[in-house]
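J.: Let me give you the structure first, and then I'll get to my questions.
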Ligand code: AMP
């Protein structure tokens, strides 16, 4: 299983990603996590991306796809993986397709978690508290949503045309939504 999980900020991607990876025994590849780890470690990459992460904008396609390419070449990805937070632009989706072409390692399914905008704004606002992310201030959250609609929403259309897209209703209990996702990836 080589799965991409798409959806706007606040759709519950992170929670669902963990459940999917547990069920299928595949690694969870989150570009957001990898970039935040780079920032925390103080590496050269981290220094380059910190201000971009703090702003809610996207880091460059070249940089993020370099990170993803390195990760996918590791051994634990041989039996499949879940991509969370990438691709974020149609250009990233094209780079990924080229990266995977040959060797029979194309993506098997792209799951789009759909959640109405008002629900998203409420969820993002209520995240706060323990484990709150520094990029979750109201202003940055609004920026991240705007970036999603302009740059990332077209990625779903790209995968629809590739015949890979499964749209899943992201409103419901965690268990309800994960059941829908399991059905979609096993179809
Ligand atoms: P996330 O945890 O997926 O919401 O990502 C947090 C931040 O990391 C985003 O707001 C972007 O600044 C950056 N980021 C994560 N994934 C990507 C990506 N595929 N392309 C560009 N920027 C990304």
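The values are calculated or read from the model by the stated rules, or taken from the named source; none is laboratory data. Note that the structure is predicted; figures quoted are calculated from it, not measured. Here the Cβ is made from the backbone with ideal geometry for all residues, glycine too, and neighbour counts use every protein chain on show.
J.: Can you spot a residue in region 124-133 that is modelled with pLDDT of 80 or more and in contact with a helix residue (DSSP H, G or I) (Cβ under 6 Å, 6 or more places away or on another chain)?
T.: If we filter region 124-133 for residues that are modelled with pLDDT of 80 or more, which is where we start, we get none.
Within region 124-133, none of the residues are modelled with pLDDT of 80 or more and in contact with a helix residue (DSSP H, G or I) (Cβ under 6 Å, 6 or more places away or on another chain).
J.: Just wondering, is there one or more residues in region 141-148 that are modelled with pLDDT under 85, outside any strand (DSSP E or B), under 21 Å from residue 17 (Cα atoms) and in contact with a helix residue (DSSP H, G or I) (Cβ under 8 Å, 6 or more places away or on another chain)?
T.: The answer is yes; a qualifying residue exists.
Quick grid of which residues meet (1) exposed (fewer than 15 other Cβ atoms within 10 Å of the Cβ); (2) within 12 Å of the ligand (Cβ to nearest atom); (3) modelled with pLDDT of 95 or more:
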{"residue": "31", "(1), (2), (3)": "no, yes, yes"}
{"residue": "34", "(1), (2), (3)": "no, yes, yes"}
{"residue": "39", "(1), (2), (3)": "no, yes, yes"}
{"residue": "54", "(1), (2), (3)": "yes, yes, no"}
{"residue": "61", "(1), (2), (3)": "no, yes, yes"}
{"residue": "65", "(1), (2), (3)": "no, yes, yes"}
{"residue": "77", "(1), (2), (3)": "no, no, yes"}
{"residue": "80", "(1), (2), (3)": "no, no, yes"}
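J.: How do the pairs read when you match residues in region 64-79 that are touching a residue at least 40 places away in the same chain (Cβ under 8 Å) and closer than 16 Å to residue 106 by Cα with residues anywhere that are part of a helix (DSSP H, G or I) and away from the ligand (no atom under 16 Å from the Cβ), using Cβ under 9 Å and keeping only pairs 6 or more apart or on different chains?
T.: From residues that are touching a residue at least 40 places away in the same chain (Cβ under 8 Å) and closer than 16 Å to residue 106 by Cα, the pairs are 71/77.
J.: When the residues of region 1-19 are filtered to those that are closer than 15 Å to residue 185 by Cα, in contact with a helix residue (DSSP H, G or I) (Cβ under 7 Å, 6 or more places away or on another chain) and surrounded by fewer than 22 Cβ atoms within 10 Å (Cβ to Cβ), which remaining residue is modelled with the highest pLDDT?
T.: Among them, the one singled out is 19.
J.: Taking residue 14, is it near the ligand (Cβ under 10 Å from one of its atoms) and part of a helix (DSSP H, G or I)? Steps first, answer last, please.
T.: Values: near the ligand (Cβ under 10 Å from one of its atoms): yes; part of a helix (DSSP H, G or I): yes.
When the stated conditions are applied, residue 14 passes them.
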